[in-house]
1. Applying the selection to segment 274-308, what residues are in a loop (DSSP other than H, G, I, E, B) and open to solvent by less than 100 Å² (accessible area, probe 1.4 Å)?
2. Output the residues belonging to segment 31-59 that are under 17 Å from Ile254 (Cα atoms) and open to solvent by less than 40 Å² (accessible area, probe 1.4 Å).
3. Given the conditions (1) touching a helix residue (DSSP H, G or I) at 6+ places or on another chain (Cβ under 7 Å); (2) open to solvent by 40 Å² or more (accessible area, probe 1.4 Å), and given that Trp196 satisfies all but one, which numbered condition is not satisfied?
4. Any chance segment 181-193 includes a residue that's polar (S, T, N, Q) and at pLDDT 95 or above?
5. For segment 116-128, give me each residue that is in contact with a strand residue (DSSP E or B) (Cβ under 9 Å, 6 or more places away or on another chain), in a loop (DSSP other than H, G, I, E, B) and open to solvent by 40 Å² or more (accessible area, probe 1.4 Å).
6. Exactly one condition in (1) open to solvent by 70 Å² or more (accessible area, probe 1.4 Å); (2) under 18 Å from Phe124 (Cα atoms) is not met by Asp28; state its number.
7. Which condition does Ser184 not pass, out of (1) surrounded by 20 or more Cβ atoms within 10 Å (Cβ to Cβ); (2) under 27 Å from His228 (Cβ atoms); (3) of a type outside the set (Lys, Arg), if it passes all the others?
8. Taking the conditions exactly as written (within 23 Å of Leu171 (Cα to Cα), among the aliphatic types (A, V, I, L, M) and open to solvent by 50 Å² or more (accessible area, probe 1.4 Å)), does Val240 satisfy them or not?
Amino acid sequence: MKSALKVATIQFQHRANDKQYNLSIIKDFIHQAAREETKIVVFPEMCITGYWHVPTLTASQVAALAEPIKNSPSLVPIIKLASHYKMAIGVGLIEAGEDGRFYNSYAVCMPDGNIHVHRKLHAFEHPVISRGDQFTVFDTPWGVRIGILICWDNNLTENARITALAGADILLAPHQTGGTNSRSPHGMKPIPVSLWENRVQNPAALISALQGDSGRGWLMRWLPSRAHDNGMFILFSNGVGLDSGEVRTGNAMILDPYGRVVEETASFENQIVFAELDLTLLPMSTGRRWIHGRRPELYGVLSEAQGYERDAIRARFSTEIPTFKK
């Protein structure tokens, strides 16, 4: 393993259903990352296809938007750029699986032409989008192992821990979040659309909201713990701006294995942030040391169904009060 690795994460405002536009933004950022000699570049969840409009689509419209990973027309230029620049590039899309199902997938295109694909474990975007059933951790040419968890996958602590136990040094965490109307009384709430519409006249008001309790403030309650408790770097990427009536908050950031923010955005613009990861932090990080004190014989309940589990859509949108065994 090298002692340092240059990485980048991105926030940008995609256009719904406009793959050509979204890919043009993605390519521009890739060229910019290459000028900085970046090795890993992370884009948001479903950044190629668009995201929050998907629940309003018909099943046939979802099918029309989806692409197979093999011979994907959207991934072809990404694969070429990954090979040309010798970097790993992560992008999100709707996958048309060879099993006839659709998935919210994240594809990491590697310098050697290989593609590593993670299917969102807790997909809730549309009834025809299926949940993935495998964790994704893989080797890289730089001596580090990369794991992927998409958006809500990261909110369940078990997923981050399993990814760490599979050897992930760096977790890619593509999202489309912030500014959503959480059913939790003290969770995220919508950012007033008027702040986005008046961003040129009053940028400070919008930035304050994006950095507040429905944006960065919400992330800071839990995201650093995923890095700290598991001894991993996290590359968090997100959408930003008005998207289907809600304002995504951006907040793209890079965290170290102690949960400290190394670099982050503080803008409502499309933006990329870079960091040189200090890989020497990994071996003796607190999370990795604590993991060695685990007592797996006590944790059987974590893999046992409790009877109150809900599918991802009901868990995400239900107004029922959660109950637990006593």
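The values are calculated or read from the model by the stated rules, or taken from the named source; none is laboratory data. These numbers were taken from a predicted model, which means no experiment stands behind them. With ideal geometry, Cβ positions are generated from the backbone for all residues, glycine too; neighbour counts draw on all protein chains shown. For accessibility, only protein heavy atoms count, side chains too; no ligands or nucleic acids. Shrake-Rupley method; radii C 1.70, N 1.55, O 1.52, S 1.80 Å.
1. Once the filter is applied, which keeps residues that are in a loop (DSSP other than H, G, I, E, B) and open to solvent by less than 100 Å² (accessible area, probe 1.4 Å), segment 274-308 yields Leu282, Pro283, Ser285, Gly293, Arg294, Tyr299, Ala305, Gln306, Gly307, Tyr308.
2. Residues satisfying the conditions are Ala33, Thr38, Ile40, Val41, Val42, Phe43, Pro44, Glu45.
3. Going through (1) touching a helix residue (DSSP H, G or I) at 6+ places or on another chain (Cβ under 7 Å); (2) open to solvent by 40 Å² or more (accessible area, probe 1.4 Å) one by one, Trp196 breaks only (2).
4. Residues of segment 181-193 that are polar (S, T, N, Q), as a first pass: 181-182, 184.
After this cut, where a residue has to be at pLDDT 95 or above as well, the list is none.
No, segment 181-193 has no match at all.
5. Val128, the sole residue that qualifies.
6. If we test Asp28 against (1) open to solvent by 70 Å² or more (accessible area, probe 1.4 Å); (2) under 18 Å from Phe124 (Cα atoms), just (2) comes out false.
7. Here Ser184 meets the rest and fails (1).
8. Details: within 23 Å of Leu171 (Cα to Cα): yes; among the aliphatic types (A, V, I, L, M): yes; open to solvent by 50 Å² or more (accessible area, probe 1.4 Å): no.
No.
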